[in-house]
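Here's the structure, in structure tokens; my notes come after.
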Amino acid sequence: MPRMTDQAMKPVHVIGGGMAGSEATWQLVSKGVPVILHEMRGVKGTDAHHTDGLAELVCSNSFRSDDHRTNAVGLLHEEMRRLDSIILRQGDAARLPAGGALAVDRDVFSQAVTKELSEHPLVTINREEIPALPPEDWDSVIIATGPLTSESLSEAILKETGEGELAFFDAIAPVVYRDSVNTEKAWFQSRYDKGETEAERKAYLNCPMDKDQYEAFIDALIAAEKTEFKEWEANTPYFDGCLPIEVMAERGRETLRHGPMKPVGLTNPHNPTVKPWAIVQLRQDNALGTLFNLVGFQTKMKYGAQGEVLRMIPGLEEARFARLGGIHRNTFLNSPKLLDAQLRLKSQPRLRFAGQLIGVEGYVESAAMGLLAGRYAAAERLGTALIPPPATTALGALIGHVTGGHLDGGKGSFQPMNVNFGLFPPIEQPTIDADGNRIRGKAKTPARKTALSERALSDLASWAAG
């Protein structure tokens with residue numbers, strides 16, 4: 001550890017004691033940097049939390065798959081374990097039987113995180129609301145207040161960033177893996193062949209429907225089980241006026257065909273003499289071109305229904321989803337525009353952001369961003385340099401997407417994302433397994449994911465070693 005200096009002994013202020021704030025706090029004090037952790041629960045509650053404990057799990061008690069060889073979130077678990085994550089360590093200690101997932105006893109977990117941090121000699125916990133941007137003499141701050149950021153702090157952040165919204169219903173469109181789309185039915189073409197380059201003229205994947213397919217799709221869409229709003233969400237507006245597709249369908253059977261599913265300006269090369277009755281367009285969602293989102297297909301259908309309904313779309317019969325659609329009240333920044341690679345606010349670099357507030361989804365992803373924010377702040381305090389983790393790692397792929405890997409499609413195009421292998425740079429498909437046998441058929445996908453994971457852990461070790 002570098003020699004402590006007067007500057008290093010100044011505390012870093014962490015606002016928010018959820019998953020990201022707790023992890024950031026631990027990473028800082030593990031490096032010998034003192035922290036003042038500000039948490040308003042205990043003096044002011046939220047509409048979703050039930051305790052004043054740190055790292056309280058509000059919804060599910062699952063951290064999802066713990067398979068670090070063939071699952072991206074499991075890989076993220078393993079990377080965080082290797083970087084001494086308090087969230088993963090206490091999650092493992094509070095583990096419950098859940099097959100291949102990491103599920104925890106939420107009370108045991110939160111109590112353990114709270115005890116460890118509150119008893120640490122370098123941690124001071126202040127139970128108070130921070131109602132505005134921190135004072136100027138707080139020269140290093142991590143804001144990790146999550147999707148239920150208080151109204152007053154949200155307004156202060158809005159004023160500083162110049163953004164028009166911060167809290168809203170983000171009706172999220174599903175995202176599919178590009179290689180799971182059947183291009184014997186779908187084709188690449190921009191509407192009216194717009195664009196100055198060949199890539200621009202073929203920026204969209206188009207899935208055609210005839211009239212019968214469209215009518216069946218509308219029936220299924222209207223009948224599908226939907227997510228209901230909580231009482232405290234009822235008065236939150238939709239983001240930028242975007243409506244879920246099922247709401248549009250309920251307004252009239254032709255609404256979608258004259259909206260996001262309009263068939264004009266496109267010709268199906270597989271059947272050029274027949275004009276489709278409706279078309280679903282998919283747009284590239286990441287710089288690597290491995291993920292495509294369903295344009296205009298924000299939805300509040302429940303997850304189970306989404307797979308059934310969306311696989312009715314020709315070309316998506318075997319679709320694999322990197323992210324299903326959803327709708328809920330959320331608070332997050334337009335991070336690719338506002339934050340630098342060290343998670344600092346470009347207009348005020350003393351302020352870092354972490355967790356769901358920067359546009360990640362999930363407990364583990366939020367904690368992971370807290371881990372990086374804490375390490376960045378610690379390095380800054382100690383006068384050392386810390387480069388972002390390699391893009392080949394789960395940590396690097398996730399933060400890379402948040403701060404620079406997203407393709408700007410205009411207002412509202414940046415949406416929260418879970419970690420998934422579609423965010424990773426491609427790897428050459430393995431052809432031979434460990435026993436020297438040729439990899440064929442369905443075995444190719446797990447082999448590729450295993451290769452991605454092995455590369456990630458190797459590159460993480462090199463990064464962590466400095």
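Show me the ranking of peptides 97-103, 368-374, 354-360 by mean Cβ neighbours inside 10 Å, starting with the highest.
Details: 97-103: 14.3, 368-374: 29.6, 354-360: 27.6.
Per-residue mean Cβ counts within 10 Å order the peptides as 368-374, 354-360, 97-103.
Expressed as an acute angle from 0 to 90° and rounded to the nearest 10, what is the orientation of the C-alpha long axis of helix 444-464 relative to the principal long axis of the chain?
That works out to roughly 30 degrees.
When the Cα centres of region 348-421 and region 104-143 are compared, how far apart do they sit, in Å?
Each part's Cα centre sits 20 Å from the other's.
Roughly how many debye, to the nearest 20, is the charge dipole of the chain about its Cα centre, given +1 on each Lys and Arg Cβ, -1 on each Asp and Glu Cβ, and no other charges?
Roughly 960 debye for the chain.
For region 24-118, rounded, prolate or oblate, judged on the Cα gyration tensor with a ≥ b ≥ c (square roots of eigenvalues), a/c < 1.5 rounded, else prolate if a/b > b/c?
Verdict is oblate for region 24-118.
So, by mean Cβ neighbours within 10 angstrom, what's the order for 425-432, 203-210 with the highest one leading?
203-210, 425-432
When only Cα pairs under 8 Å and 6 or more residues apart are kept, what is the percent relative contact order across region 89-209?
Numbers: 76 pairs, mean separation 14.3, N = 121.
Relative CO of region 89-209 lands at 12 percent.
Can you sort GLU116, GLU136, GLU365 by 1.4 Å-probe accessible area, starting with the largest?
Highest to lowest solvent-accessible surface, that is GLU136, GLU116, GLU365.
Provide the per residue accessible area, probe 1.4 Å, for region 75-119, rounded to a whole number of square angstrom.
42 Å²
Can you bin region 258-330 into rounded, prolate or oblate? Criterion: square roots of the alpha carbon gyration tensor eigenvalues sorted a ≥ b ≥ c, rounded for a/c under 1.5, prolate for a/b above b/c, oblate for the rest. Can you show the working numbers first?
Values: a/c = 1.80, a/b = 1.62, b/c = 1.11.
Since a/c reaches 1.5 and a/b is larger than b/c, the shape of region 258-330 is classed as prolate.
For the chain, find the longest principal axis of its Cα atoms and tell me its angle to the long axis of helix 363-381, 0 to 90°, nearest 10.
The helix 363-381 is inclined about 50 degrees to the chain.
Semi-axes, largest first, in whole Å: what does sqrt of 5 times each Cα gyration tensor eigenvalue give for region 251-390?
Values: eigenvalues 329, 54, 42 Å².
For region 251-390, the semi-axes come out at 41, 16, 14 Å.
Please give the charge dipole size of region 389-454, origin at the Cα centre, charges +1 on K and R Cβ atoms and -1 on D and E Cβ atoms. Round to the nearest 20 debye.
260 debye
Considering only PHE297, PRO131, LEU243, whose Cα is most displaced toward the positive end of the charge dipole of the chain, charges sitting on Cβ of Lys, Arg (+1) and Asp, Glu (-1)?
PHE297
Past 27 Å, Cα to Cα, is the threshold; run LYS44/LYS159; LYS202/LYS442; LYS159/LYS337; LYS226/LYS275; LYS202/LYS226; LYS226/LYS444 against it and keep the listed order.
Check vs 27 Å cut-off fails for LYS202/LYS442; LYS226/LYS275; LYS202/LYS226; LYS226/LYS444.
On a 1.4 Å probe surface of the protein chains, which of LYS202, LYS275, LYS159 comes out largest in accessible area, and what is the full order?
In descending accessible area the options line up as LYS159, LYS275, LYS202.
Remind me, relative contact order of region 315-438 in percent, using alpha carbon pairs under 8 angstrom and six or more residues apart?
It rounds to 26 percent for region 315-438.
Just to confirm a number: summing +1 for Lys and Arg and -1 for Asp and Glu over residues other than LEU395 whose beta-carbon lies under 15 angstrom from that of LEU395, what do you get?
Taking every Cβ under 15 Å from that of LEU395, the sum is -2.
Taking all pairs of distinct Cα atoms, average 1/r, flip it, and tell me the Kirkwood hydrodynamic radius of the chain in Å to one decimal place.
After inverting the pairwise mean of 1/r, the radius is 23.4 Å.
Mind listing the Cα extents of region 55-173 along all three principal axes, in Å, largest one first?
46, 45, 24
Which of the peptides 296-307, 73-84 is most tightly packed, and how do the rest follow, going by the mean number of other Cβ atoms within 10 Å of each residue?
73-84, 296-307
If you average the sequence gap of Cα pairs under 8 Å that are 6 or more apart and divide by the length of the chain, what percent do you get for the contact order?
Dividing the mean separation by the residue count of the chain yields 21 percent.
Could you check how much of the accessible area of region 296-447 is carbon and sulfur, as a whole percent, using a 1.4 Å probe?
52 percent
Out of all DSSP beta bridges with both ends in the chain, state the antiparallel percent to the nearest 5.
65 percent
So, counting K/R as plus one and D/E as minus one, what does the shell of residues with Cβ under 9 Å around GLN429 add up to?
+1
Tell me which residues come under 5 Å, amide H to amide H, from GLY359 once H is placed; ignore anything under 5 positions away on its chain.
The answer is LEU333.
Can you give the calculated 222 nm mean residue ellipticity of the chain, where each DSSP H run of n ≥ 4 adds -39,500 (n - 2.57) and the sum is split over every residue, rounded to the nearest 500 deg cm²/dmol?
-9000 deg cm²/dmol
Below 14 angstrom from the Cβ of LEU75, what's the summed charge of the other residues (Lys, Arg +1; Asp, Glu -1)?
Value of the local net charge: 0.
The values are calculated or read from the model by the stated rules, or taken from the named source; none is laboratory data. Owing to the predicted nature of the structure, the values given are computational and were not obtained by experimental measurement. With ideal geometry, Cβ positions are generated from the backbone for all residues, glycine too; neighbour counts draw on all protein chains shown. Side chains are part of the model used for accessible areas, which takes the heavy atoms of the whole protein and leaves out ligands, DNA and RNA. Shrake-Rupley method; radii C 1.70, N 1.55, O 1.52, S 1.80 Å.
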